[in-house]
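Comments concern the structure below.
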Amino acid sequence: MANDTSTLTVSQREQMLLAPYATFTSASKGRKIPEIEHEYRGAFQRDRDRILHSSAYRRLSGKMQVFTGEMGDYHRTRLTHTQEVASIARTIARTLRLNEDLVEALALLHDIGHPPYGHAGEDVLDECMKSHGGFSHNQFALTIVEEIEHRHSGQPGLNLTYEVLAGQTDRIDKTKKGLRPSLEVQLVDAADSTTYDAHDTDDAIKLGLVSLEEMAKNRLVAECIARVKKKYTSLTEFELQKGVIRRLVDIQVTDLIHHTAEQLAIRDFQSIDEVIESDFIVEPSAEIREQKEELEKFLYAEVYRHPELMIVRQQAQRRLERMYNGFCARPELIPQKYQSRIEKVGLEKAAGHYIAGMTDRFCDRCYQLHFTPGLRS
Ligand code: MG
């Protein structure tokens, strides 16, 4: 594209807008298979688009976040959760002058490896595949974009940049020692937690698992209620709840931006190398961190372990275990596309990965078709 005054190259835009310690597209370590750069889309923009157009990404619409499709139509799915994370992460990245394209690619990728039935599905697959390396949704996200998805014939994977793959790799073992992840990677992690703390509170109240009064036992929620009531004198219950959730996002995001900006000003990093060699952590202030921990403990005890969800969890786990054992006993039930993976990674892994790629609904249908006693094909 002609570089006249009406257009900016990706590099020019980043030089104008990004902080010196951001990840610059022009400094990318590139892709495993080198590619000619696009005329006007940067490498991280292309990664974002590749993830967005992958079938694994689309299937997130049929995967539960915390609550199943049978519980209603209004709560978050794994896809809308991902979109909210991307939106919040972009806001933070833009304000802190970090790379929005990289942040968005990482956000769209971060949950792409989730199996059906959320963490219940992950736990049972991990148990089933124990002697074959176990199962982790973070690891499986990499398997999807490096092995399972295809762009061109003969080339497995999406050929994403080193920075996006490294960002997802950093999610696998957060306790590992060594270089710190880039600020963009850390930011997406913080945005993920901000997002689910707010929307799980929202969904749990809407589904009637807890009331706003019960949630108000948490200091963070109580502060949000106080702020809404201070601004508006007459509110319906619905308006109050909506206002509370908005502030739950706003308080966390504002705190994260201010706290991180303050810490960055103190450190005065001049490059990304200085960041990754330091012990810098993108995190909320100590006060909000404490309040988030309190809220997360409450959500775990009162929502994620709610009897209604425990039943779903147990049913899903029984089904997935039976399916896994069934596919291992009768590999001919695994579709043609996955048969080649049996040769490549072994039957157990291929069976687990086939199940992990399913939506909740497809998983139910598959179970009924092949593994329901009396209806066995
Ligand atoms: Mg997430």
All positions within region 48-68 that are over 16 Å from ASP197 (Cβ atoms) and open to solvent by less than 30 Å² (accessible area, probe 1.4 Å) | ASP49, ARG50, ILE51, SER54, ALA56, TYR57, LEU60, GLY62, LYS63, MET64, THR68
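Residues of region 126-182 being among the aromatic types (Phe, Trp, Tyr) and within 27 Å of LEU320 (Cβ to Cβ), which ones?
Taking region 126-182 first, the residues among the aromatic types (Phe, Trp, Tyr) are 135, 140, 162.
Those that are among the aromatic types (Phe, Trp, Tyr) and within 27 Å of LEU320 (Cβ to Cβ): PHE135, PHE140.
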Please state which of the following conditions ILE112 fails to meet, knowing it meets all the rest: (1) open to solvent by 10 Å² or more (accessible area, probe 1.4 Å); (2) within 22 Å of SER136 (Cβ to Cβ); (3) in a loop (DSSP other than H, G, I, E, B); (4) not polar (S, T, N, Q).
-> (1)
Search region 357-371 for residues that are open to solvent by 20 Å² or more (accessible area, probe 1.4 Å) and pair each with any residue that is aliphatic (A, V, I, L, M) when their beta-carbon atoms are under 8 Å apart and the residues are at least 6 apart or on different chains.
-> TYR367/MET323; GLN368/LEU375; LEU369/LEU375; HIS370/MET323; HIS370/LEU333
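Under 26 Å from ASP47 (Cβ atoms) and open to solvent by less than 20 Å² (accessible area, probe 1.4 Å) - does that describe any residue in region 211-231? Spell out how you get there, then give the answer.
Taking region 211-231 as the starting set, the residues that turn out to be under 26 Å from ASP47 (Cβ atoms) are none.
Scanning region 211-231 turns up no residue that is under 26 Å from ASP47 (Cβ atoms) and open to solvent by less than 20 Å² (accessible area, probe 1.4 Å).
Residue-by-condition table, conditions (1) within 30 Å of LYS344 (Cα to Cα); (2) open to solvent by 10 Å² or more (accessible area, probe 1.4 Å):
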| residue | (1), (2) |
| --- | --- |
| GLN139 | yes, yes |
| GLY157 | yes, no |
| TYR162 | yes, yes |
| ASP173 | yes, yes |
| ASP189 | no, yes |
| SER193 | no, yes |
| GLY208 | no, yes |
Taking first residues from region 73-94 that are within 24 Å of SER55 (Cβ to Cβ) and at pLDDT below 95 and second residues anywhere that are open to solvent by 20 Å² or more (accessible area, probe 1.4 Å) and more than 11 Å from the ligand (Cβ to nearest atom), the pairs with Cβ under 6 Å that are 6 or more apart or on different chains are THR77/SER61
Inspect all residues belonging to region 203-213 and state whether any of them is within 21 Å of GLU293 (Cβ to Cβ) and within 16 Å of the ligand (Cβ to nearest atom).
-> yes
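So how many residues does region 12-24 have that are open to solvent by 20 Å² or more (accessible area, probe 1.4 Å), under 27 Å from ILE266 (Cα atoms) and of a type outside the set (A, V, I, L, M)? Reasoning before the result, please.
So in region 12-24, the residues open to solvent by 20 Å² or more (accessible area, probe 1.4 Å) come out as 12-13, 15-18, 20-21, 24.
This time we only want the ones that are under 27 Å from ILE266 (Cα atoms), so: 13, 15-18, 20-21, 24.
Narrowing further to those that are of a type outside the set (A, V, I, L, M): 13, 15, 20-21, 24.
Of the residues in that region, 5 qualify.
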When region 69-109 is checked residue by residue, the ones that are more than 11 Å from the ligand (Cβ to nearest atom), open to solvent by 10 Å² or more (accessible area, probe 1.4 Å) and part of a loop (DSSP other than H, G, I, E, B) are GLY72, ASP73, TYR74, HIS75, ARG97
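Matching residues to (1) over 23 Å from VAL103 (Cα atoms); (2) in a helix (DSSP H, G or I):
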position: PRO156; (1), (2): yes, no
position: VAL188; (1), (2): no, yes
position: LYS217; (1), (2): yes, no
position: LEU220; (1), (2): yes, yes
Can PHE269 be described as touching a residue at least 60 places away in the same chain (Cβ under 8 Å), among the aromatic types (Phe, Trp, Tyr), outside any helix (DSSP H, G or I) and in contact with a Pro (Cβ under 9 Å, 6 or more places away or on another chain)?
-> yes
Identity of the residue in region 118-136, within 15 Å of the chain's Cα centre (by Cα) and either part of a loop (DSSP other than H, G, I, E, B) or surrounded by fewer than 23 Cβ atoms within 10 Å (Cβ to Cβ) (or both), that ends up modelled with the lowest pLDDT | HIS119
With (1) more than 26 Å from THR161 (Cα to Cα); (2) without any contact (Cβ under 8 Å) to a residue 24 or more places away in the chain as the list, and GLY178 as the residue in question, which single condition is left unmet?
-> (1)
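The values are calculated or read from the model by the stated rules, or taken from the named source; none is laboratory data. None of the values given here were measured: they were computed from a predicted structure. Glycine gets a Cβ as well: all are built from the backbone with ideal geometry, and neighbour counts include every protein chain shown. Each accessible area value is taken on the protein alone, full model and side chains, heavy atoms only, with ligands, DNA and RNA left out. Shrake-Rupley method; radii C 1.70, N 1.55, O 1.52, S 1.80 Å.
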